[in-house]
1. Suppose we filter the stretch 18-55 for residues that are in the same structural domain as Lys89 (by TED's automatic domain parsing), part of a loop (DSSP other than H, G, I, E, B) and of a type in the set (A, V, I, L, M); how many remain?
2. Run His37 past the list (1) under 30 Å from Pro18 (Cβ atoms); (2) surrounded by 14 or more Cβ atoms within 10 Å (Cβ to Cβ); (3) without any contact (Cβ under 8 Å) to a residue 24 or more places away in the chain; (4) of a type outside the set (D, E, K, R) and report the number of the one that doesn't hold.
3. Being assigned to a strand (DSSP E or B) and not acidic (Asp, Glu) is the filter here, so list the residues in the stretch 56-106 that pass it.
4. Do we find that Gln78 is of a type outside the set (A, V, I, L, M, F, W, C), surrounded by 14 or more Cβ atoms within 10 Å (Cβ to Cβ), within 30 Å of Arg28 (Cβ to Cβ) and within 17 Å of the chain's Cα centre (by Cα) in this structure?
5. Based on what the data block shows, is Leu91 among the hydrophobic types (A, V, I, L, M, F, W, C), surrounded by 13 or more Cβ atoms within 10 Å (Cβ to Cβ) and at pLDDT 85 or above?
Amino acid sequence: MSTVNYVGQALKNLFSKPATLKYPFEKREFPEGTRGHVENDMDVCILCGLCQMKCPTGAITVDKKARTWAIRPFSCIQCRSCVDNCPKKSLSMDKQYQEPGSEKIEKVFDLSDKQKEMLDAQAKAAAEKAAAAKAAMEARKKAEAEAAAAGNAEKPEAAAGDAGKAE
């Protein structure tokens, strides 16, 4: 019985299209939803570091001081955790896989000048807002202290008046 199955399969394979591709000459088209390597749009990235925290392998490094975003592509397991947790949606998964290499590399991306200017403006605005809040807090404390001092000055007179009524 196995000989009949073998001959049937051999004839089917003989007259059907091959299952493989002639790789260097024919490139494979990846279907929608294929998880390839991680891409970062640095014009949108705010270097929040959530992708670094959510990466299970630690393949992503965010350096806020140097304003760089780096990934070690051969350590990435294409889990898509970083893409799903990015608040600005600057990360995406490309359909192409990482090309093989003989040594491990780290791809480092710098922020664009436009993004650097935007982050500087945000930092300046946050510093101004913090300074204004601190000044408002100090003014409120000073006003409360003056009100308390004025209230204490009136209390002895009121207390003496109350004591006189009680007698």
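The values are calculated or read from the model by the stated rules, or taken from the named source; none is laboratory data. From a predicted model like this one, the values you see are computed outputs, not experimental measurements. Heads up, the Cβs are rebuilt from the backbone with ideal geometry, glycines too, and the neighbour counts pull from every protein chain shown.
1. Adding up the residues that qualify gives 4.
2. His37 satisfies all of (1) under 30 Å from Pro18 (Cβ atoms); (2) surrounded by 14 or more Cβ atoms within 10 Å (Cβ to Cβ); (3) without any contact (Cβ under 8 Å) to a residue 24 or more places away in the chain; (4) of a type outside the set (D, E, K, R) except (3).
3. Initially, the stretch 56-106 is screened for residues assigned to a strand (DSSP E or B), giving 60-63, 68-71, 91-93.
Matches in the stretch 56-106: Ile60, Thr61, Val62, Thr68, Trp69, Ala70, Ile71, Leu91, Ser92, Met93.
4. On the way: of a type outside the set (A, V, I, L, M, F, W, C): yes; surrounded by 14 or more Cβ atoms within 10 Å (Cβ to Cβ): yes; within 30 Å of Arg28 (Cβ to Cβ): yes; within 17 Å of the chain's Cα centre (by Cα): yes.
Considered against the rule, which asks whether it is of a type outside the set (A, V, I, L, M, F, W, C), surrounded by 14 or more Cβ atoms within 10 Å (Cβ to Cβ), within 30 Å of Arg28 (Cβ to Cβ) and within 17 Å of the chain's Cα centre (by Cα), Gln78 comes out as yes.
5. On the way: among the hydrophobic types (A, V, I, L, M, F, W, C): yes; surrounded by 13 or more Cβ atoms within 10 Å (Cβ to Cβ): yes; at pLDDT 85 or above: yes.
Judged against the criteria, Leu91 is a match.
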